[in-house]
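What follows is a short report on a single structure.
All of the numbers you see were taken from the coordinates with simple rules; none came from a lab. This one's a predicted model, so the numbers in the text were calculated from it and none came from an experiment. Cβ sites come from the backbone with ideal geometry, for glycine too, and all protein chains shown count toward neighbours.
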Amino acid sequence: MFHPDEERELRALVERVAGGSTDRRDWSTLAALLLIGQGNDACRAIAAEGLDTFIHRSEPIYVGHAFQFDDYARIYDRICAHVR
């Protein structure tokens, strides 16, 4: 479930990405919010498994985004912050 601020941020990011943003920060933040949208159970599971496992499992999914370690860490940190 999204907090109201997350929902506003999600809408703004979708508009930026639809407008052609290629900024990895926009895309990684959007990825984090979409994972948060999967619910607290999914977020808790991701957080519990650790950053290395998250990267290992998500790299094949996000291969086209050319994410780097910092991008995966940003996604993971955002998810962890959401479940605190």
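Report the far tail of the P(r) of the chain, meaning the percent of Cα-Cα pairs longer than 23 Å.
17 percent
3J(HN,Hα) along region 64-72: x, 8, 6, 4, 10, 3, 4, 5, 5 Hz, from the Karplus curve 6.51 cos²θ - 1.76 cosθ + 1.60 with θ = phi - 60°, whole Hz, x for Gly and Pro.
Taking label points 7 Å from Cα along the Cα-to-Cβ direction, Thr53 and Val83 give a separation of 0.9 nm.
Given a cut-off of under 8 Å on Cα pairs at least six residues apart, what relative contact order in percent is computed for the chain? Relative contact order here is 39 percent. Given a Förster radius of 22 Å and the C-beta distance between Ala18 and His65 as r, what FRET efficiency does 1/(1 + (r/R0)^6) yield to the nearest 0.05? The pair Ala18/His65 has a calculated efficiency of 0.90. Given their separation in residues at 0.36 nm each and the Cα-Cα distance between them, Asp5 and Asp41 gain 11.0 nm when the chain is fully extended. For the chain, the mean residue ellipticity at 222 nm estimated from helices alone is -22500 deg cm²/dmol, where every DSSP H run of n ≥ 4 contributes -39500 (n - 2.57) and the total is divided by all residues, rounded to the nearest 500.
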